[in-house]
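A short write-up of the structure that comes next.
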């Protein structure tokens with residue numbers, strides 16, 4: 001999956017630059033230079049985020065996350081699931097099997113949906129990076145709205161599929 | 001001092017690693033390995049994203065962006081943004097430079113907000129996810145997420161209305 005994604009992105013970029021060099025080779029060279037310099041500029045940050053994700057993944061064990069999701073009753077279980085989803089980091093490919101595992105373990109559909117949504121939508125580890133690009137207001141607005149959205153979508157999913165916590 | 005301010009995040013991560021390495025060396029090296037592997041896997045994608053956004057910022061005319069994603073596009077533009085967001089794969093934040101370029105070119109905040117919101121849906125992943133969670137679960141989440149992404153876009157525009165565009169670009 002990752003390889004396919006990278007190949008598609010690569011093809012798009014190559015096509016773009018073929019067009020660019022045909023149109024104006026000076027402009028294209030400048031764009032490449034700018035892209036590479038920005039890439040190098042952000043590289044330390046990027047490495048740090050991935051290393052931090054590694055730390056989170058190893059030191060916040062899945063068993064701990066599983067024990068948080070759906071803990072408590074009613075709305076509280078929704079909130080704990082959202083928080084658990086916010087702190088976990090890692091590729092989504094590992095999120096879905098974990099979600100299935102949670103359902104099997106007896107977590108409600110709503111709690112599982114909230115957990116998965118907040119995992120994908122809210123980026124706790126990448127907040128510093130987001131701030132460096134968009135600024136604080138944008139970052140907090142976006143993550144706040146995503147957090148709320150994860151909860152709303154999860155509750156609606158639970159209501160529709162009859163898996164609300166009692 | 002200047003460097004500390006610029007590289008505080010890197011410093012925090014480094015300090016965390018050094019400290020943890022002394023306490024729990026085997027677990028820490030495990031984390032390091034995982035982080036490095038993920039980083040190497042994502043590196044080509046990130047390079048593509050950065051090159052793509054520098055291409056766009058040099059060759060895409062603001063007029064085009066404004067026509068498709070600008071202030072004048074109504075619900076259609078926002079919906080289109082949300083749909084576009086579902087096609088992209090990779091971690092959410094890897095595309096931030098691209099979104100920023102589009103914003104600078106005059107894309108409407110609601111469109112970008114919807115795009116980021118809809119990013120939670122990874123279309124190529126859907127069959128895989130359904131294999132684990134079942135189609136009803138996934139279909140409902142997908143539909144609701146697209147709907148919410150549109151709302152999120154508009155809400156972001158409302159919330160951030162006060163902040164000038166310049167602040168966003170700095």
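Residues are listed down the side, and each one gets a yes or a no for (1) buried (at least 23 other Cβ atoms within 10 Å of the Cβ); (2) modelled with pLDDT under 90; (3) not assigned by TED's automatic domain parsing to the domain that holds residue B:48:
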residue: B:98; (1), (2), (3): no, yes, yes
residue: B:112; (1), (2), (3): yes, no, yes
residue: B:126; (1), (2), (3): no, yes, yes
residue: B:137; (1), (2), (3): yes, no, yes
residue: B:142; (1), (2), (3): no, no, yes
residue: B:146; (1), (2), (3): no, no, yes
residue: B:150; (1), (2), (3): no, no, yes
| Are any of the residues in segment A:59-82 at the interface with another protein chain (Cβ under 9 Å from one of its Cβ atoms) and modelled with pLDDT of 80 or more? | yes
| request: Could you tell me which of the residues A:14, A:58 is over 26 Å from residue B:128 (Cβ atoms) and assigned to a helix (DSSP H, G or I)? | output: A:14
| task | Among residues belonging to segment A:101-113 that are crowded, with 20+ Cβ neighbours inside 10 Å and in a loop (DSSP other than H, G, I, E, B), point out the one that is modelled with the highest pLDDT. | result | A:108
| field | Count - residues of segment A:114-127 that are buried (at least 20 other Cβ atoms within 10 Å of the Cβ) and assigned to a helix (DSSP H, G or I) | value | 8
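Would you mind finding the one in B:81, B:117 that is surrounded by 21 or more Cβ atoms within 10 Å (Cβ to Cβ), within 10 Å of another protein chain (Cβ to nearest Cβ) and at pLDDT 85 or above?
Numbers: B:81 fails: within 10 Å of another protein chain (Cβ to nearest Cβ).
Answer to the check: B:117.
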| request: Look through B:38, B:42 and report the one residue that is touching a residue at least 24 places away in the same chain (Cβ under 8 Å) and either outside the structural domain of residue B:156 (by TED's automatic domain parsing) or surrounded by 21 or more Cβ atoms within 10 Å (Cβ to Cβ) (or both). | output: B:42
| said: Cβ-Cβ distance below 6 Å, separation of 6 or more or different chains: which pairs start in segment A:121-142 with a residue that is within 15 Å of residue B:98 (Cα to Cα) and end on one that is at pLDDT 85 or above? | reply: A:130/A:139; A:131/A:139; A:133/B:96; A:133/B:100
| note | Reported set for segment B:107-127 where residues are under 14 Å from residue B:53 (Cβ atoms) and not in a helix (DSSP H, G or I) is B:107
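Which residues, taken from segment A:7-28, are closer than 14 Å to residue B:58 by Cβ and either under 32 Å from the mean Cα position of the chain (by Cα) or surrounded by 13 or more Cβ atoms within 10 Å (Cβ to Cβ) (or both)?
Keep residues of segment A:7-28 that are closer than 14 Å to residue B:58 by Cβ, which gives A:13, A:16-17, A:19-28.
Of everything in segment A:7-28, those that are closer than 14 Å to residue B:58 by Cβ and either under 32 Å from the mean Cα position of the chain (by Cα) or surrounded by 13 or more Cβ atoms within 10 Å (Cβ to Cβ) (or both) turn out to be A:13, A:16, A:17, A:20, A:21, A:24, A:27, A:28.
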| field | Qualifying position, being more than 7 Å from every other protein chain (Cβ to nearest Cβ), more than 28 Å from residue A:27 (Cβ to Cβ) and surrounded by 13 or more Cβ atoms within 10 Å (Cβ to Cβ), among B:24, B:56 | value | B:24
| message | Considering only residues that are facing chain B (nearest Cβ under 7 Å), assigned to a helix (DSSP H, G or I) and more than 26 Å from residue A:112 (Cβ to Cβ), which ones fall in segment A:131-166? | response | A:133, A:134, A:137, A:138, A:141
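The values are calculated or read from the model by the stated rules, or taken from the named source; none is laboratory data. Small disclaimer: the values here were computed from a predicted structure and weren't measured. In this analysis, Cβ positions are derived from the backbone assuming ideal geometry, glycine residues included, and neighbour counts consider all displayed protein chains.
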